[in-house]
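Participant: First the structure, then my questions, so here it is.
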Amino acid sequence: MPADNPATKAPSDFVDEAYHLDNAQEMVGFYRKWAADYDHQMLDQLGYTAPATIAEILGEQLTDTRASILDIGCGTGLTCRLLAERGFSKLDGIDLSGEMLGVARERGIYRDLLQGDVNQPLALPSASYDGAISSGTFTHGHVGPEPLDEIFRVLKPGAILACTVHQDLWQEMGFEAKFADLEKQGIASLISLKLDSYYRDRPAEGWFCVYRRT
């Protein structure tokens, strides 16, 4: 990340460490260490607003609270906590870290939680969800655009994907090209795309993406 660009500089050493994880093993170790303190670090110390923003965006598209939603890289459940407050109850999550899932489970908002690598095929039926959401998963040291095929596979026709993608990776890691290819194939259609901040009082860090499963 260019050090002289405030929009691409990590807001803290904690986030910078997360941005420099190189593989799944490092990710598991990092989140094992920080699971219990993650919410405090991100919300209280850093003013992490991306989960609230993306949850609000999905809620605007899915007004029926009976909708089933898959939380990709759910972590401690920050994003679905906000959906639960809106009345959604059919919430499932998947994450690589068992420790993060443990915190998410304690919230009591998820119907089901799966431990797994989203870079691998999802052990879920096709066309089984009305929506999918992801905040902070498509970022440095985490996940590239490859899981998008599987995410759209498990979405019903007309279902909504709302996710964040760090701006540094949008072109460099092939997210822009991947979404364009999904549109070309008739799998997805763009609803909205907005560059905005992930943290309170920070420059815009990433894209807030909304696509419909066609």
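Participant: If every alpha-carbon in the stretch 44-203 counts as one equal scatterer, what log10 I(q)/I(0) does Debye give at q = 0.10, 0.16, 0.20 1/Å?
Facilitator: The calculated log intensity ratios at q = 0.10, 0.16, 0.20 Å⁻¹ are -0.33, -0.90, -1.50.
Participant: Compute the semi-axes of the equivalent ellipsoid of the stretch 112-176, taking the square root of 5 times each eigenvalue of the Cα gyration tensor, and list them largest first in whole Å.
Facilitator: 21, 13, 10
Participant: From the convex hull of the Cα coordinates of the stretch 60-146, what is the mean projected area in square nanometres?
Facilitator: On the way: hull surface 22.9 nm².
Mean projected area of the Cα convex hull: 5.7 nm².
Participant: Please work out the Cα center distance from the stretch 42-95 to the stretch 177-214, rounded to the nearest Å.
Facilitator: The stretch 42-95 and the stretch 177-214 have Cα centres spaced 17 Å from each other.
Participant: Same structure, new question: If each residue of separation counts as 0.36 nm, what is the full-extension length gain between ARG153 and SER189 once their alpha-carbon separation is subtracted?
Facilitator: Numbers: separation 36, 0.36 × 36 = 12.96 nm, distance 1.41 nm.
So the chain would gain 11.5 nm between ARG153 and SER189.
Bear in mind these aren't lab numbers, they're just calculated from the coordinates by the rules spelled out. None of these values were measured; they are calculated from a predicted model.
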